[in-house]
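> Sharing a structure below in structure tokens format, with a few things to ask.
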Amino acid sequence: MSDAFTVLWTHDTCRALRKAGRVGERPPVAFSGLHSSLPAWIGAAPGDDVYALHVNRCEVFVVSRMRMLDIERHDCCGAAPAAWDDPAYPGHGDWSALGAGGCGAMAVHVDATPVRFDVPIPGDLLSRLTWRNARGRTRGLKYVVDGRLERSVSLQGFYRLTPESADELAAVVDGAVRV
């Protein structure tokens with residue numbers, strides 16, 4: 001059985017995607033890293049879904065659902081850097097806003113839904129979403145008030161959803177695709 005995770009994309013990341021004209025396009029890659037400058041896709045395996053979330057004015061949006069394919073360097077990534085100032089993944093320059101230049105970045109190839117900023121998570125679902133850690137403990141979001149997220153701190157990171165929450169987020173994304 002596959003797992004599902006969430007990752008928070010910052011305002012800077014989302015602004016860069018908009019500016020680069022990536023809205024409506026499917027990212028072929030995301031980036032993982034061990035440094036705090038990038039989300040570490042620890043625990044994710046091929047076949048797992050990762051929901052990229054964005055918070056704007058206390059509302060949480062699903063920007064893209066990415067199904068992890070692998071963490072291998074392929075021809076599409078371009079030549080490996082020969083010097084420290086060479087781009088790490090020149091073949092994915094169009095998607096560098098997702099962290100290609102991050103410290104210790106590794107390309108995570110994905111099959112993703114198009115990037116969009118108009119798929120809100122309903123407020124009642126926001127208060128029900130739960131994540132579980134490696135020990136099996138679950139937690140919900142903090143700072144949800146009247147269906148709005150007052151602070152995004154409990155979304156910052158890379159977290160495994162409970163199966164029920166993964167199903168509910170999938171329904172939100174699938175419902176938006178049909179519109």
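Any read-out appearing in this document is the output of simple, stated calculations on the displayed coordinates, not a laboratory observation. A quick note: this is a predicted structure, and the numbers were derived from the prediction, not measured. Heads up, the Cβs are rebuilt from the backbone with ideal geometry, glycines too, and the neighbour counts pull from every protein chain shown.
> For region 1-82, which GluC sites (Glu not before Pro) pass both filters: DSSP loop (anything but H, G, I, E, B) and at most 14 other C-beta atoms within 10 Å? Could you put the intermediate results ahead of the total?
Values: sites: 25, 59, 72; in loops: 25, 72.
Here the GluC sites (Glu not before Pro) that fit, given the DSSP loop and packing criteria, are 72.
> Then there is this: Apply the Karplus curve 6.51 cos²θ - 1.76 cosθ + 1.60, θ = phi - 60°, to the phi angles in region 142-159 and return the couplings in whole Hz, x for Gly and Pro.
8, 6, 8, 10, 6, x, 10, 8, 6, 9, 8, 4, 7, 9, 6, x, 10, 10
> Could you check which residue among 131, 84, 41 shows the biggest mean-square fluctuation in a GNM of the chain with a 10 Å Cα cutoff?
The residue with the greatest mean-square fluctuation here is 84.
> Taking the chain as a Gaussian network, Cα atoms linked when under 10 Å apart, which of 65, 128, 160 shows the biggest mean-square fluctuation?
128
> Still on this structure: As an exercise, use a Förster radius of 30 Å and the Cβ-Cβ distance of residue 11 and residue 79 to find the FRET efficiency, rounded to the nearest 0.05.
That pair, residue 11 with residue 79, gives E of 0.40.
> Could I ask something else about it? Calculate, axis by axis, the spread of Cα positions in region 42-122 along the three principal axes, and write the results as whole Å, longest axis first.
47, 28, 21
> Of the candidates 119, 110, 50, which one comes out as most mobile in a Gaussian network treatment of the chain with C-alpha springs shorter than 10 Å?
Between 119, 110, 50, it is 119 that shows the largest mean-square fluctuation.
> Please name which of 35, 96, 153 has its Cα lying farthest along the dipole of region 4-167 towards the positive end, using unit charges on Cβ (Lys, Arg +1; Asp, Glu -1) and the Cα centre as origin.
So the residue we want is 153.
> Could you pull out which residues in region 34-72 have an amide N less than 14 Å from a spot 7 Å beyond the Cα of residue 117, following the Cα-Cβ vector?
53-64
> Give, as a single signed number, the net charge of other residues whose beta carbon lies under 10 Å from the beta carbon of residue 159, with Lys and Arg counted +1 and Asp and Glu -1. Show your work: numbers first, answer last.
On the way: positive: 132, 139, 160; negative: none.
Spelling it out: positives minus negatives among the neighbours equals +3.
> Which three numbers, in whole Å and largest first, are the semi-axes of the equivalent ellipsoid of the chain derived from its Cα gyration tensor as √(5λ)?
Square roots of five times the eigenvalues give 27, 17, 15 Å.
> Whole Å is fine, so just give me how far the alpha carbon centre of region 39-78 lies from that of region 98-168.
One Cα centre to the other: 10 Å.
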